[in-house]
Amino acid sequence: MKRRELLTGVKGKATFEPHIASPGVARFTNALLRTQENQEVRFYDDLIRGKQVVVNFMYAECHGACPMVTSTLIKAYQALKPRMGRDVFFYSITVKPETDTPEALKHYAKTRRADLPGWLFLTGDAYDIETIRFRLFGMYHPGFDLDSAMHAGTLRIINDATNCWTTVEAFASLKTILKHISWADPPKSYAERWAESIARQELINKEVKRYGYRRFA
Amino acid sequence: MPSKKAKHRKVVGKKKSDRTISRRDVLKIGAAAGAVTVLAPSMLTSRKAFASGDPAEPVICATAPANSPPTTPFRDTFTAPFPAIPQDLYPAPTKARNESGGEAERADHQRWDDFLPDIEYELEARASTHTFHSDYSPSYIWGFNGKYPAPTVLNIYEHPTIVRFRNNLPLTTTTFGRNEITIHLHNGHHGSESDGFAGDFFGTGFWKDNHYVNVYAGYDAIPPEGDAKEAMHSFWFHDHRAAFTANNNYLGLNGMFLVYDSKDPGHEFNTPGSLRLPCYYGITDFPLILTDKIFCATANGRTELFNAVGGAAPGGDKWIVNGKIQPKLTVRRRKYRFRILNTGPAKTYDLTLIKPDGSVGTMTVVATDANFLEHPIPVDAGANAGNSNSTTAPIVAGGLRVSVAERYDVIIDFAQFPHGSKVYLKENAPQFVGVASPVTLPTGLAIENVLMQFNVVNREPWFPADTPAIPSTLCTYPTLPATDNSFEWQFVRDPVGTVPRLFKINGLAFDAAVPVHSIVQGQTEEWLLNNNVGGSAWVHPVHIHFEEFRVLKRFVNGVEVPVPPLMTGRKDVMRLEAGQGALIKMQFRDFLGRYLIHCHNMNHEDAFMMVRWDIVPDALALRESQQLMLAHRREEEERLAEVAREERRLRKEEVS
Ligand SMILES: [Cu+2]
């Protein structure tokens, strides 16, 4: 990736202003992280503010869930390509910053074909990363929160411009993942939602006609 | 159509043939001219997008307060929510979706002609304010018709109903609520298009008609009104939006829904078949709608519900009954009925009646989850202390344990207390109060444990006289047919060492598009609900939509234990503590489509512990459905395998 692309993608002006109720730095922290390009970024100001993001936790040597999640994210990336790096961003944050240097993450991203504009692999101070993990994924339950493996299979979806947070299981089907990401999209006009509703109704009618009841529509 | 149904049509529902051409028909004509897509949105945008009287969005506290602001105990009076008022809907309800009228997408109402709607309501979800305590400012809420709790729908069996749920929630909000809704009537027996399926949510500006047929289950087998032994009375309705159910319910989108019949007629006169239980709504028969919330004094001097995006719904430090914190109720020296409902989002209540001398009083349970028990079960600390509904030791001797979404109808006889007595309902877990009790409490009772206060007074001559003794037999249960099929549902949080470690059912997270199990209509199944997988350490109050079940067996860590008395009745929520299981039996009659089984801890439910099951018309459809499920699973497995292969290849490359 060209450095310029990365800069416009990451440090470019946020597409939208933060929502009035955005918890901002108080929740997200403004921790200093490093990208796979060894570029310094501030977590809230540069990565979250006014953007729609999908965040997951991983580490390069993870043989279990991480490759699966990365592979799913690549597919989601392709589907969201026109928006990637403009108003939608993917952030994969390592839970093992002591071994995952920017170079190690760059290598991981490259070999998995995930070194794409609008998708950052991030490392930083272990304490900061733990804090971010708690703030983004915390269930306020020690059984969940003290176990760093706990959130490896969950994608956190946040739109700071609409203050919408949601989540999806990273092992879910691509269709489900894209649907959940869309739940954080900027609000649609009534006309747009009306058109979607008509399209869904057509699917429902088709199924009911064929099977006598609704199946997958 | 068989003649019995044709005949039945006269009994159930009014004919709408007297209605002249409906607005929908007019619009259809427009559609025929190709005008609909142009006409409809403009028509709808001209309607106000949301109520002009919407309150300002609240200033939400950034971080959770240490505790809610203090409240004076017993300052507010406990009341029943107002009944919803029937009305003539316009445009008139239709079998098919009224697209041009602005209805959200749905399949046609099933069995519309069998159950033509007789009574119509409109409940509009919108932003509003509610005063939870007179020491507080009004707080920003989302409520049906702007009310928390929602207006109570009072219905009668054999009168099919349409409730038009209109979504006028704000387009953007500072709360963690989601302005898309799908309303479930828990636990109604009706078509899946009216069941508030979690994936069928609709956004601001749309509305949807839910068709509640108000007949007993078994309608096809026992016309004209179904099997009266299947009678249910205390329902509730609430938002079921996938992944946001806890949030939207915390903000207030739920209410009570009662259906009366000859046994439970909504009055106390000596009419044929009546059990003559306390039954005057809001006078001698009260819903007791429980929830817990935490409040925060905001920068602009108001008291708002604390809620923060991106977390589970917060656990409260204020116990709220019918929308009020620690309220009082004046009761006459006679029997009263309380329909206890726990609306969550997550807390369990252990309730005890405390007499003026500090000892435990008796509450007589007459119904569990909307179904009368065959015989009433008294709950107290004395001879009946064993009547717990937990297979582990009860937390409080004599306590009534109420999990999220469970309903318990209890009778309390206040005639035993002299005029001027104060009786208390105690919750075992303390709340934050912050103000001393204005009255001396019974020995051993702390103000933090008081849910509400009853002030007992002599009955005035005009007040309804006491009802007769509670009958020793309330009903007889239907005989369940032979089992056609068995299925196991495992409620698991993936164990340590595996990922992703979410709350799941049978290893699956909620997916609106795929059923996990299918049943041929009319069959009877035994389901094992199992919370004994992977060393579970969690409590899951499991809810099954559509019909009531019976508990055949209970297990603790795989060993069969007796079914506790309060679980011997018909139910629709099964509390499973860690290591517990239950074998239940249930029928699937009269309707088709998609329904849900899920944990009713709404935070677990939103963290994916919910799956879809289907009722299909016949064996052929069942085979097709199973093949589709298999194909879907195979596809997923192949996807996983492919990535694993690719990863192995990459690792090998790196090593070499
Ligand atoms: Cu649960």
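Only a single criterion out of (1) surrounded by 15 or more Cβ atoms within 10 Å (Cβ to Cβ); (2) away from the ligand (no atom under 16 Å from the Cβ) is not satisfied by residue B:626, namely (1).
Here is a yes/no grid of residues against (1) more than 30 Å from residue B:610 (Cα to Cα); (2) of a type in the set (S, T, N, Q); (3) modelled with pLDDT under 95:
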{"site": "B:426", "(1), (2), (3)": "yes, no, no"}
{"site": "B:430", "(1), (2), (3)": "yes, no, no"}
{"site": "B:437", "(1), (2), (3)": "yes, yes, no"}
{"site": "B:456", "(1), (2), (3)": "yes, no, no"}
{"site": "B:482", "(1), (2), (3)": "no, no, no"}
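Summed over region B:507-551, residues that are of a type in the set (A, V, I, L, M), within 16 Å of the ligand (Cβ to nearest atom) and part of a strand (DSSP E or B) total 4. Checking B:94, B:161 one by one, the residue that is surrounded by fewer than 23 Cβ atoms within 10 Å (Cβ to Cβ) and either of a type in the set (Val, Ile, Thr) or modelled with pLDDT of 95 or more (or both) is B:94 and no other. Taking every residue in region B:536-551 that is touching a residue at least 12 places away in the same chain (Cβ under 8 Å) and pairing it with any residue that is within 11 Å of the ligand (Cβ to nearest atom) and of a type in the set (Phe, Trp, Tyr), at least 6 positions away or on another chain, the pairs with Cβ-Cβ distances below 7 Å are B:540/B:491; B:542/B:491.
Checked against the criteria, residue B:177 counts as open to solvent by 10 Å² or more (accessible area, probe 1.4 Å) and within 14 Å of another protein chain (Cβ to nearest Cβ).
On inspection, residue B:142 qualifies as more than 12 Å from chain A (Cβ to nearest Cβ), part of a strand (DSSP E or B) and of a type in the set (A, V, I, L, M, F, W, C). For region B:600-620, a tally of residues being more than 10 Å from the ligand (Cβ to nearest atom), open to solvent by 10 Å² or more (accessible area, probe 1.4 Å) and either over 16 Å from residue B:199 (Cβ atoms) or not assigned by TED's automatic domain parsing to the domain that holds residue B:490 (or both) returns 4. Scanning region B:603-613 for residues that are within 23 Å of residue A:174 (Cα to Cα), within 11 Å of chain A (Cβ to nearest Cβ), touching a Pro at 6+ places or on another chain (Cβ under 6 Å) and without any contact (Cβ under 8 Å) to a residue 12 or more places away in the chain turns up nothing. Look at residue B:124 and say whether it is more than 14 Å from chain A (Cβ to nearest Cβ), at pLDDT below 95 and open to solvent by 20 Å² or more (accessible area, probe 1.4 Å). Spelling it out, it is not the case that residue B:124 is more than 14 Å from chain A (Cβ to nearest Cβ), at pLDDT below 95 and open to solvent by 20 Å² or more (accessible area, probe 1.4 Å). Condition test on residue B:623, is it more than 12 Å from chain A (Cβ to nearest Cβ) and either in contact with a Lys or Arg (Cβ under 8 Å, 6 or more places away or on another chain) or more than 20 Å from residue B:510 (Cβ to Cβ) (or both)? Considered against the rule, which asks whether it is more than 12 Å from chain A (Cβ to nearest Cβ) and either in contact with a Lys or Arg (Cβ under 8 Å, 6 or more places away or on another chain) or more than 20 Å from residue B:510 (Cβ to Cβ) (or both), residue B:623 comes out as yes.
For region B:487-506, residues that are within 16 Å of the ligand (Cβ to nearest atom) and at pLDDT below 85 total 7.
Answer yes if at least one residue in region B:444-466 is within 14 Å of another protein chain (Cβ to nearest Cβ) and open to solvent by less than 40 Å² (accessible area, probe 1.4 Å), and no otherwise. Spell out how you get there, then give the answer.
Of all residues in region B:444-466, those within 14 Å of another protein chain (Cβ to nearest Cβ) come to none.
No, region B:444-466 has no match at all.
In this entry, residue B:578 passes the filter for residues that are surrounded by fewer than 20 Cβ atoms within 10 Å (Cβ to Cβ), touching a residue at least 12 places away in the same chain (Cβ under 8 Å) and within 16 Å of the ligand (Cβ to nearest atom). Within region B:305-323, the set of residues being outside any loop (DSSP other than H, G, I, E, B) and open to solvent by less than 10 Å² (accessible area, probe 1.4 Å) comprises B:305, B:318, B:320, B:321. For region A:199-210, which residues satisfy the criterion of being open to solvent by less than 60 Å² (accessible area, probe 1.4 Å) and at the interface with another protein chain (Cβ under 7 Å from one of its Cβ atoms)? The answer is A:201, A:204, A:208.
Residues that are outside any loop (DSSP other than H, G, I, E, B) and facing chain B (nearest Cβ under 7 Å) within region A:176-187 comprise just one, A:176. Restricting attention to region B:261-282 and to residues that are surrounded by fewer than 19 Cβ atoms within 10 Å (Cβ to Cβ) and of a type in the set (Phe, Trp, Tyr), the residue that is nearest to residue B:405 (Cα to Cα) turns out to be B:280.
Just to confirm my filter: which strands (runs of 3 or more DSSP E) fall fully inside region B:161-247 and include at least 3 residues that are within 22 Å of residue B:569 (Cα to Cα)? Show your work before the answer.
Details: elements: B:161-168, B:183-186, B:207-212, B:234-239.
Once the strands (runs of 3 or more DSSP E) in region B:161-247 are filtered for at least 3 residues that are within 22 Å of residue B:569 (Cα to Cα), what remains is B:234-239.
Considering B:185, B:171, the condition of being among the hydrophobic types (A, V, I, L, M, F, W, C) and open to solvent by 10 Å² or more (accessible area, probe 1.4 Å) is satisfied by B:171 alone.
Are any of the residues in region B:637-655 more than 16 Å from the ligand (Cβ to nearest atom) and closer than 19 Å to residue B:488 by Cα?
Restricting attention to region B:637-655, the residues satisfying the condition of being more than 16 Å from the ligand (Cβ to nearest atom) are B:637-655.
With closer than 19 Å to residue B:488 by Cα added as a condition, the list becomes none.
Taking every residue of region B:637-655 in turn, none turns out to be more than 16 Å from the ligand (Cβ to nearest atom) and closer than 19 Å to residue B:488 by Cα.
Is it the case that region B:97-117 has a residue that's touching a residue at least 24 places away in the same chain (Cβ under 8 Å), more than 14 Å from every other protein chain (Cβ to nearest Cβ), touching a strand residue (DSSP E or B) at 6+ places or on another chain (Cβ under 6 Å) and open to solvent by 20 Å² or more (accessible area, probe 1.4 Å)? Checking region B:97-117: not a single residue is touching a residue at least 24 places away in the same chain (Cβ under 8 Å), more than 14 Å from every other protein chain (Cβ to nearest Cβ), touching a strand residue (DSSP E or B) at 6+ places or on another chain (Cβ under 6 Å) and open to solvent by 20 Å² or more (accessible area, probe 1.4 Å).
Among the residues of region A:99-120, those identified as touching a strand residue (DSSP E or B) at 6+ places or on another chain (Cβ under 9 Å) and either among the basic types (Lys, Arg) or in a helix (DSSP H, G or I) (or both) are A:102, A:104, A:105, A:106, A:108, A:109.
Examine region B:584-599 for a residue that is of a type in the set (Phe, Trp, Tyr) and within 14 Å of the ligand (Cβ to nearest atom), and state whether such a residue exists. No, region B:584-599 has no match at all. Within region B:212-229, restricting attention to residues that are of a type outside the set (D, E, K, R) and modelled with pLDDT under 90, the residue that is least open to solvent (accessible area, probe 1.4 Å) is B:226. Among residues that are within 16 Å of the ligand (Cβ to nearest atom) and within 14 Å of chain A (Cβ to nearest Cβ), residue B:573 is not included.
The values are calculated or read from the model by the stated rules, or taken from the named source; none is laboratory data. As the structure is a computational prediction, the values presented were derived from the model and not from experiment. Ideal geometry is used to build each Cβ from the backbone, glycine not excepted, and the neighbour counts take in all protein chains shown. Surface accessibility is based on the protein's heavy atoms, side chains included, excluding ligands, DNA and RNA. Shrake-Rupley method; radii C 1.70, N 1.55, O 1.52, S 1.80 Å.
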